[in-house]
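J.: To start, I am sharing the structure in question, which I have written as structure tokens.
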Amino acid sequence: MSADVINKAFLATEEDFLALVRKHWLNDPQWASVGSCCLVGIICSGLLYIANAGDSRVVLGRLDDNFKEVKAVQLSSEHNASRESVREELQSVHPYDPQIVVLKHTVWRVKGIIQISRSIGDAYLKNAEFNREPLLPKFRVPESFDKPILRADPAILVHKIDPEDHFLIFASDGLWEHLSNQEAVDIVNTCPRNGIARKLVKAALREAAKKREMRYSDLKKIDRGVRRHFHDDITVIVLFLDFHMVSRSYWHGPLVSIRGGGQGVC
């Protein structure tokens, strides 16, 4: 296991998806407009590897011995044009494109279209061959381009797990729009483990309802398609850490893999 292996896995996933886009291009060109953020965590020999492409986030709940409290430690950075560092990165990669990031209706967007700068898919912003008919005009940028506008390679962090590291919260941006890192950590730390991811989702939805000055029960009655105007989709995985188990250099038990995503949890 290494950062290089994970990077190659992301790029291989990207290439496989672009192959599907090409396969369906004539009959179903909208495949070129489909994309996803990707957040991965891998624990191997006492090391935690975090790989992120997009605006999902992972937060560590870590015991602070000085204050005897579990503090939130953010382990990933969002690739979102709202962050100045991301806009600067885009401008450095595309120095001759004054429209690479555009402030549109008070929101920074890449080419005035999308907020994220890295993803799996979104082929119409990766390869000029998909930036044309028969793709719908609303997904096309007006000018051609020579280099990908978005990237698929992840930002990777390697963290040595300590006994003070208690749990990890992996979540899409829909959760973090309504809960701070510390608020999420406090909920996980003070509530029973069973059903804790769903409790985080519910807490975020309650905050979304409060911001719209409506009741949570009324928000839940709104159809999913319409509810997108009230809150983004939310996917959450909470992973509790056993230091003695994860610090071993070998493991005789079965490999464990958890996947979050699909339609999200609403």
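J.: Is there a residue in region 18-35 that is in a strand (DSSP E or B), closer than 20 Å to I237 by Cα and modelled with pLDDT of 90 or more?
T.: no
J.: Note down all Cβ pairs under 8 Å where the first residue falls in region 136-162 and is closer than 17 Å to W31 by Cβ, the second is surrounded by fewer than 15 Cβ atoms within 10 Å (Cβ to Cβ) and of a type in the set (S, T, N, Q), and they're at least six residues apart or on different chains.
T.: Pairs found: L136/Q30; F139/Q30.
J.: I would also like to ask the following. Within region 172-202, can you find the residues that are crowded, with 19+ Cβ neighbours inside 10 Å, at pLDDT below 95 and among the small types (G, A, S)?
T.: Within region 172-202, S172, G174, A197 meet the criteria.
J.: Still on this structure, I have one more. Kindly indicate the residue of region 71-99 that is more than 26 Å from V158 (Cβ to Cβ) and in contact with a strand residue (DSSP E or B) (Cβ under 8 Å, 6 or more places away or on another chain) and also most open to solvent (accessible area, probe 1.4 Å) among those meeting that condition.
T.: Q91
J.: Which condition does V21 not pass, out of (1) out of contact with any His (no Cβ under 8 Å at 6 or more places or on another chain); (2) over 16 Å from A152 (Cα atoms); (3) not polar (S, T, N, Q), if it passes all the others?
T.: (2)
J.: Also, I was wondering about something else. Tell me yes or no: at least one residue of region 165-176 is of a type in the set (S, T, Y), over 28 Å from K68 (Cβ atoms), in contact (Cβ under 8 Å) with a residue 24 or more places away in the chain and not in a strand (DSSP E or B).
T.: yes
J.: From the list K68, K126, pick out the single residue that is of a type in the set (K, R) and surrounded by fewer than 23 Cβ atoms within 10 Å (Cβ to Cβ). Break it down stepwise before answering.
T.: On the way: K126 fails: surrounded by fewer than 23 Cβ atoms within 10 Å (Cβ to Cβ).
Within the list K68, K126, the selection yields K68.
J.: Is there any pair linking a residue in region 1-13 that is among the small types (G, A, S) to one that is surrounded by 12 or more Cβ atoms within 10 Å (Cβ to Cβ), with Cβ under 6 Å and at least six apart or on different chains, and which?
T.: A3/I156
The values are calculated or read from the model by the stated rules, or taken from the named source; none is laboratory data. Computed from a prediction, not measured in an experiment: that's the story for all the values here. Counting neighbours? That spans all protein chains shown, and the Cβs are built from the backbone with ideal geometry, glycine included. Note: areas computed on protein heavy atoms with side chains; ligands, DNA, RNA excluded. Shrake-Rupley method; radii C 1.70, N 1.55, O 1.52, S 1.80 Å.
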